[in-house]
Structure formats: C-alpha cells, structure tokens
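**Q** Please find one structure pasted underneath; my questions will follow.
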C-alpha cells in the first residue's frame with residue numbers, strides 16, 4: 001500500500017492509541033482539505049499565447065483554500081506570467097499563512113517516475129500540450145462575464161486588457177488620427193484583395209522591398225501608385241484621317257513608331273527625344289533644259 005498522504009504504520013504495530021492513529025489520519029486529512037473547494041480568481045484578465053507558451057494574468061491572482069486547521073485562507077500572486085514549454089505544468093505551492101504571496105512556476109512532467117504533482121499543497125493550474133501547444137486548464141478557469149453575449153467565450157484573446165474594446169481598435173483610437181492597421185508588424189508585404197472570386201483578384205499592397213504602395217488589376221502585375229501629384233493631361237487615342245484609330249488598351253500601354261521607306265527613326269533615352277530623318281536618295285537627276293528645247 002502506498003503512503004502518499006499519510007504516515008505509514010510499522011509492521012507488527014497494533015496500537016490503536018490516539019498518538020499512533022493521529023499521525024497518518026492527520027496527513028490524509030490535510031491533503032484532502034487542501035484539495036477541497038479550491039477557488040481561483042483574478043483581478044485582471046487571463047491570457048495564453050500558444051506561440052510563446054506564455055500564460056499571463058494582468059491583475060492579482062488569488063487562491064482560496066482550506067488549510068489543515070479547517071480555516072479558509074487566501075494566497076496571492078502578483079500580476080505577471082510564466083512561460084511554459086511543451087509537456088510542462090504551471091503550478092503554485094500554497095502556504096498556510098493567510099494572504100501569503102506565492103509564486104507560479106513551470107515544471108516538466110515525466111511518466112513512470114516520481115510525480116512532481118504529489119505534494120499536498122501543490123496547486124496545478126494547467127498543462128501545455130506538446131503536440132498542439134494548447135493550454136489545458138486544471139484548476140484554472142475563464143470567468144463568466146455578465147452580461148454574457150455571443151462570442152464572449154474568447155474575449156481574453158481579442159480584449160487582452162479587459163477594457164471592453166477590441167485591442168486593434170483601441171490601438172487605432174490612441175493615434176492622433178484614427179487609422180486602420182493591417183499586418184502583424186513583421187517586415188513583409190501588406191495586401192488587401194478584392195473578394196471577386198477570381199483566382200488572382202485585384203488588390204492593393206504596401207511593397208516592403210520598394211517602400212511603395214502598389215496596385216494590380218489582374219492580381220499578377222503590380223504597378224506603383226503615383227507620388228501624390230495630380231495626373232497631367234494625356235492622349236488615349238491617336239487618330240489619322242482615313243486610317244485605324246490607335247487606342248491604348250491599358251494604362252502604360254506602348255505606342256510603337258515604325259520607320260517607312262527612306263525614313264530613319266532614332267531615340268535618345270537620356271534626352272527623351274525621337275528623331276525622324278529622311279534616308280537614301282531623292283531619285284535620278286533630271287536635265288530641265290531638254291524639256292525647254
């Protein structure tokens with residue numbers, strides 16, 4: 001028989017006096033008392049990040065429990081947090097002194113070995129799963145808000161500081177001019193796409209590599225927005241009497257100039273010029289005197 005929560009008898013002991021019986025029964029009673037009707041509440045908001053494994057409480061964490069003399073006492077933990085690795089528990093060792101300040105620790109679990117959870121006063125708050133990194137509460141529970149509304153079950157995620165406002169909105173309202181931030185703060189492109197159902201929908205983005213806002217109409221080819229100046233006048237159609245009109249298909253379309261017979265066309269990118277010149281001869285010379293004789 002094990003002796004986890006009592007003092008074991010010695011072989012051959014048949015004494016039923018109080019001094020012999022009291023020790024094992026008191027140990028067992030103490031363990032049961034500490035685990036009976038434990039209440040945990042927080043003056044702030046509970047939070048957990050699966051990415052970092054950080055369990056947090058924004059206000060004082062309070063434990064109410066029954067100590068060995070039958071009195072209800074309170075222990076507290078200052079606002080803060082603890083980082084959990086895979087297969088670790090968050091726990092606190094309760095103290096007999098009322099209003100004692102205790103600490104939340106992290107500890108790994110090993111099966112088929114001496115248990116780190118056996119101590120009679122060790123209160124297990126929860127466990128971080130190794131496969132999914134999710135936090136599974138044991139003695140810790142999320143509070144029920146009043147009035148309860150649809151979606152408030154995960155309130156601690158979108159309103160971590162408990163001010164009643166979605167955190168992203170609170171951040172925007174704190175700015176001199178209200179803004180709508182996109183992205184997660186990492187150094188990567190920030191893109192807003194139109195929900196057209198197309199495989200490559202139209203979109204706008206902030207391109208980190210160039211530091212410019214860009215747009216795409218086909219979801220593939222990106223073009224920079226202008227620098228803010230007004231657009232100058234421009235021609236979309238080139239018309240020649242008796243000929244087909246040349247109309248730009250898209251913004252930035254290219255007009256190609258072709259040299260005809262006895263014409264050369266040269267361009268200079270530096271001076272932004274196009275030179276059109278005649279080439280070859282004007283034809284055979286003619287003796288005008290022969291027509292006058």
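**Q** What nm value, rounded to one decimal, do you get for the distance between residue 220 and residue 93 when each label is placed 7 Å out toward the C-beta?
**A** 6.7
**Q** Relative to the present Cα-Cα distance, how much length would full extension add between residue 207 and residue 138 at 0.36 nm per residue of separation?
**A** Taking residue 207 through residue 138 to full extension adds about 20.3 nm, to one decimal.
**Q** Continuing with the same structure: Rank by packing, highest mean first: peptides 31-40, 207-216, with packing defined as the count of other Cβ atoms within 10 Å averaged across residues.
**A** 31-40, 207-216
**Q** Using R₀ = 45 Å, calculate the FRET efficiency as 1/(1 + (r/R₀)^6) where r is the Cβ-Cβ separation of residue 107 and residue 15; round to 0.05.
**A** Working from the Cβ atoms, E equals 0.70.
**Q** Rounded, prolate or oblate: which fits segment 39-158, taking a ≥ b ≥ c as square roots of the Cα gyration tensor eigenvalues, rounded meaning a/c under 1.5, else prolate when a/b beats b/c?
**A** Numbers: a/c = 1.97, a/b = 1.10, b/c = 1.80.
The shape class here is oblate.
**Q** Same structure, new question: Among 119-131, 237-249, 59-71, 186-198, how do they line up from the highest to the lowest mean number of other beta-carbon atoms within 10 Å?
**A** Output ranking for 119-131, 237-249, 59-71, 186-198: 119-131, 59-71, 186-198, 237-249.
Read-outs: derived from the displayed coordinates by stated rules, not from any lab. Please read all numbers here as calculations on a predicted model, not as lab measurements. Because the Cβ atoms are built from the backbone with ideal geometry, glycine has one as well, and the counts that use them run over all protein chains shown.
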